[in-house]
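Working notes for the structure below.
The values are calculated or read from the model by the stated rules, or taken from the named source; none is laboratory data. Predicted, not measured: the structure shown is a model, and the values here were computed from it. Neighbour counts run over all protein chains shown; Cβ positions are idealised from the backbone, glycine included.
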Amino acid sequence: FHPYKPLVGFKLMYNQLPSSCDLPKFFRYLKMHKVAVVHLVREATVLKITSKANGAIPGENGKQLHSNDPNATTASRANTKPLHKSIDYWKSAVSEMEKEDMEHRTTFSSLIGVPYYYLQYEHLMGPDRALYLREAVQSVNPATPIGWTRGEEFKSDLLQLHEPTCAARIDQYPEVMSALAADHPLTVAACEFLERVENSSYVGRNESSL
């Protein structure tokens, strides 16, 4: 990594790695070309489940879960009802998704010579998004100037089609969270964090301590 060269990245979804992919060869490529891995994980796995169930809307490049059209967002949210599933379904689906996340986390974090950083998606929804992004970049390239994101805002013209909180998208939300609490604390904590951000009760971290 060179301190004066810009960092260039790309997004790779789990399901974009074909089953025929030679993983050892892929990992050697990462190391050879000094590719760092920022592992972005949505810990509120119940929202991944609702997104799959609710579907997406047609866009210029196929189906999409975001839009820059406020009317599309309003219509999508008005027409999307909270997802109703049995408690057993939620437990099974969340277990499956958390297992997949952990398998990838274990694999990438154990690669020798490949910088790795685990980044929780929900943290990018809150007021500290710049701090978390800075930490992620500095972890994979320590030469990055420490103040590179200080005071900057990260904006996008894309609007989320669905409601941002678990409570708004899950039928019988309190009962579901109660059932998941013992075995899936990460999912429950992520949902609670999003609720605090939406209700403006999360005050953020103290940047001076970083």
note = If we keep only residues of the stretch 130-179 that are at pLDDT below 85, among the basic types (Lys, Arg) and within 21 Å of Phe193 (Cα to Cα), then the residue surrounded by the fewest Cβ atoms within 10 Å (Cβ to Cβ) is Lys155
ask   = What is the number of the single condition among (1) at pLDDT below 85; (2) over 18 Å from Glu198 (Cα atoms); (3) not in a loop (DSSP other than H, G, I, E, B) that Phe108 does not meet?
value = (1)
key: Boolean, Glu103 is exposed (fewer than 14 other Cβ atoms within 10 Å of the Cβ), part of a helix (DSSP H, G or I) and among the charged types (D, E, K, R)   = yes
